[in-house]
Amino acid sequence: MIVSKKIILCFLLFLLLYSVIVDLTNNSSMNEPLTGELSETKNQISFNVVSYQMKEQDTFISVIDQLNPNLTEYDLTKVRNDFIQLNPSIHPSNLKTKVTYLFPQYN
């Protein structure tokens, strides 16, 4: 009885190892192209970095509008993410007066 349990255990262990090896070598999801990321990089807009000191009554949106007068439409999420990328420790809703921040100025 003990010998048969050992044989069954060895067989199950072999199946497990075989399954892992087959999954690692033939993983089809690793061979699929990443179309979502490629299309996003095509839509990237280049921008210049502008240093701006916040004044009384300035808001994140008002500064973006002031620095980008020719920009009639923009993706607020992208603008916000670009700002956070330039100022990693600052959130756009926490801007302070008389402090200088880096803002994106789009081409």
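Read the figures in this text as sums done on the coordinates, not as results from a lab. Everything numeric here is computed off the predicted structure, so don't read it as measured data. A quick note on method: Cβ atoms are made from the backbone with ideal geometry, for glycine too, and the neighbour counts reach across all protein chains shown.
By a straight-distance test (C-alpha under 19 Å), which lysines pair with Lys55 as possible cross-link partners, with residues fewer than eight away in the same chain excluded?
List returned: Lys96, Lys98.
Can you tell me how much longer the chain between Lys96 and Phe11 gets when fully stretched, taken as 0.36 nm per residue apart minus their C-alpha distance, in nm with one decimal? It would help to have the intermediate numbers written out before the result.
Details: separation 85, 0.36 × 85 = 30.60 nm, distance 6.71 nm.
So the extension gain works out to 23.9 nm.
With each label point set 7 Å from Cα along the Cα-Cβ vector, what nm distance links Asn107 and Asp75?
According to this spin-label approximation, the distance is 1.8 nm.
Excluding Met54 itself, what net charge comes from residues whose Cβ is under 12 Å from its Cβ, given Lys and Arg +1 and Asp and Glu -1?
So the environment of Met54 carries a net charge of +1.
From the phi angles alone, apply the Karplus equation (6.51, -1.76, 1.60; θ = phi - 60°) to the range 71-78 and give each ³J(HN,Hα) in whole Hz, x where the residue is Gly or Pro.
For the range 71-78, the Karplus curve yields 8, 8, 10, 8, 8, 4, 5, 5 Hz.
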